[in-house]
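Worksheet: the structure to be examined is printed underneath.
The values are calculated or read from the model by the stated rules, or taken from the named source; none is laboratory data. Remember, predicted model here, so these are calculated numbers, not experimental data. All Cβ positions, glycine included, derive from the backbone under ideal geometry; neighbour counts span all protein chains shown.
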Amino acid sequence: MRRNFKYIFILFLLIIAVLASRETFSLGDGNLKFYVLDIGQGDAIFVQTPSGNQILIDGGQDRRILEELGKVMPFYDRSIDLVILTHPHLDHAGGLLEVLENYKVWEFVDGGDIYNLAEYGELKKLVEEKKISYRTVQRGMQISLDKGVSLLVLTPEKLVKSDNPHNNNVVVRLSYGKVDFLLMGDGEKGEELKLVQAGDNLESEVLKVGHHGSKTSSNPLFLEKVNPEYALISAGVKNRYGHPAQSTLDNLLAAGAKILRTDVDSTIEFKTDGNNLTLTEEK
Ligand SMILES: [Zn+2]
């Protein structure tokens, strides 16, 4: 019995050692990791900062988000530091219900739109029940994610009365050192031109294209200001909306961007040390 106990104890120590080394491996290499997850039609972006803070921006429409998170997070990691909802449409909000049910989420933020979507109501209820810290964000807010890593909120400036939540969509610019990611949610042309008119510094190495590459987004004037090296499109395979539009693909190519699409390339993954940006090619 005693002998057995000793072996079990050694096994236990070994397991701890393996887990600890995995932790240092996956979290401590000084890189920020950025993923556009392949959740079908919708949006879900996962970010892990150099010291391991995790941020999820939108969650796609359903349970598929859990499978995708399982691929980019260690199995024993059951918490996410910050969840951001860009706007309450099902293809962005639906999967967050699963995330809030299955992960310990520390903070939840959105633009505060009161659009009437049943799943959004359920989300707000879950946030309350689980006592998740909640706040709405507005243009000009800066959220520090890690040493040298921050998110600047570019929209909404103030909420407008509208039947279309795209008009109150949250746009953020994620920066680590010299590398910037402009994340447009479902921002459309009107929102893009407002940012241009405001004179914001939009220049970004990576652009998560607004509204799944539809023709309502990616105006040439806006793209000129962003000047992206990479343009990322999140869209479902053979989705019924016909995303992305050929005219948008043409605009992105004309702007000199390399286009990556979840419907073609599956999950898109980058890493950066704040100076260099690396696209992790298909596993
Ligand atoms: Zn959408």
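Within segment 63-87, being small (Gly, Ala, Ser) and free of Cβ contacts under 8 Å to residues at least 24 places away in the same chain holds for one residue alone: 70. Among residues of segment 37-51 that are assigned by TED's automatic domain parsing to the domain that holds residue 81 and of a type in the set (A, V, I, L, M, F, W, C), those with a Cβ under 7 angstrom from a residue that is away from the ligand (no atom under 15 Å from the Cβ) and in a loop (DSSP other than H, G, I, E, B), sequence gap 6+ or separate chain, pair up as 37/267. Residues in segment 105-118 that are surrounded by fewer than 18 Cβ atoms within 10 Å (Cβ to Cβ) and acidic (Asp, Glu): 107 only.
The rows are residues; the columns are (1) in contact with a helix residue (DSSP H, G or I) (Cβ under 6 Å, 6 or more places away or on another chain); (2) at pLDDT 95 or above.
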site: 72; (1), (2): no, yes
site: 84; (1), (2): no, yes
site: 108; (1), (2): yes, yes
site: 112; (1), (2): no, no
site: 115; (1), (2): yes, no
site: 118; (1), (2): no, no
site: 140; (1), (2): no, yes
site: 166; (1), (2): no, no
site: 176; (1), (2): no, yes
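Exactly one residue out of 193, 126 is more than 16 Å from the ligand (Cβ to nearest atom), modelled with pLDDT of 95 or more, among the aliphatic types (A, V, I, L, M) and surrounded by fewer than 15 Cβ atoms within 10 Å (Cβ to Cβ): that is 193. One residue is enough: does segment 206-217 have a residue meeting the conditions within 16 Å of the ligand (Cβ to nearest atom), small (Gly, Ala, Ser), surrounded by fewer than 24 Cβ atoms within 10 Å (Cβ to Cβ) and modelled with pLDDT of 95 or more? There is at least one residue in segment 206-217 that is within 16 Å of the ligand (Cβ to nearest atom), small (Gly, Ala, Ser), surrounded by fewer than 24 Cβ atoms within 10 Å (Cβ to Cβ) and modelled with pLDDT of 95 or more. For segment 219-247, taking the residues that are within 14 Å of the ligand (Cβ to nearest atom) and of a type in the set (Ser, Thr, Tyr), the one that is nearest to residue 169 (Cα to Cα) is identified as 234.
Just one of 155, 136 is within 26 Å of residue 35 (Cβ to Cβ) and surrounded by fewer than 21 Cβ atoms within 10 Å (Cβ to Cβ); which is it?
Working: 155 fails: surrounded by fewer than 21 Cβ atoms within 10 Å (Cβ to Cβ).
Among 155, 136, only 136 is within 26 Å of residue 35 (Cβ to Cβ) and surrounded by fewer than 21 Cβ atoms within 10 Å (Cβ to Cβ).
Can you spot a residue in segment 16-32 that is buried (at least 20 other Cβ atoms within 10 Å of the Cβ) and either under 17 Å from residue 212 (Cα atoms) or at pLDDT 75 or above (or both)? Yes, that holds for at least one residue.
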